[in-house]
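Note sheet for the following structure.
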Amino acid sequence: MSGFDMADARERARISLALEQDDRREDHLPRSVGHAATLMLDAAVKGWITGLEDEARPVVRRAREWLEDSVARGEDFGDPPEYFALIRAHALAIACWMDGAPADRWFRETFRRRAKRFGAHHDELADYVRD
């Protein structure tokens, strides 16, 4: 059994971050900008936790901008669209938090959407997580 190789993970993350920097928003219009941004954020998180915070920061900011654009345009992707809205809100909360921007609104929106999807009262769920 082989162990985790941090150097290899960091190198793979570095490659992914470079690829995300070259991605073009226009290639994902009109319906998948938000989806592409969630994948971009995933690459940024992997880079961040493998020690590439400086390289990941611009990718986080870019993912946040794309996610905000997706929300502003009312983009839907996949089936059911409510699931994409949940994933996008969650990704936007993380992107805002990592970028140093206020994230409360998007974390609350994530909780509200999860509660709606799974039948819990969103204020109770948000209070529980906050506490």
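The values are calculated or read from the model by the stated rules, or taken from the named source; none is laboratory data. Just so you know, these numbers come straight off a predicted model, no measurement behind them. For neighbour counting, all protein chains shown are included, and Cβ atoms are generated from backbone atoms with ideal geometry for every residue, glycine included.
Structural remarks
- All positions within the range 1-44 that are at pLDDT 95 or above, of a type in the set (K, R) and more than 15 Å from R64 (Cα to Cα): R10, R12, R14
- Cross-chain or 6+ apart pairs with Cβ under 7 Å, the range 45-56 first and at positive phi, then outside any loop (DSSP other than H, G, I, E, B): G51/R10
- Scope the range 1-48; condition of a type in the set (K, R) and over 22 Å from R88 (Cβ atoms); matching residues: R10, R12, R14
- Check on L125, modelled with pLDDT under 95 and assigned to a helix (DSSP H, G or I): yes
- Selection count, the range 64-90, where residues are crowded, with 20+ Cβ neighbours inside 10 Å, in contact (Cβ under 8 Å) with a residue 40 or more places away in the chain and assigned to a helix (DSSP H, G or I): 3
- Within the range 75-107, the residues that satisfy the criterion of being touching a His at 6+ places or on another chain (Cβ under 9 Å) and charged (D, E, K, R) are E75, R88.
- Positions within the range 96-113 being part of a helix (DSSP H, G or I) and either within 14 Å of the chain's Cα centre (by Cα) or at pLDDT 95 or above (or both), in sequence order: C96, W97, M98, D99, W106, F107, E109, T110
- With respect to the conditions (1) buried (at least 19 other Cβ atoms within 10 Å of the Cβ); (2) touching a residue at least 24 places away in the same chain (Cβ under 8 Å); (3) in a helix (DSSP H, G or I), A93 lacks only one, and its number is (2).
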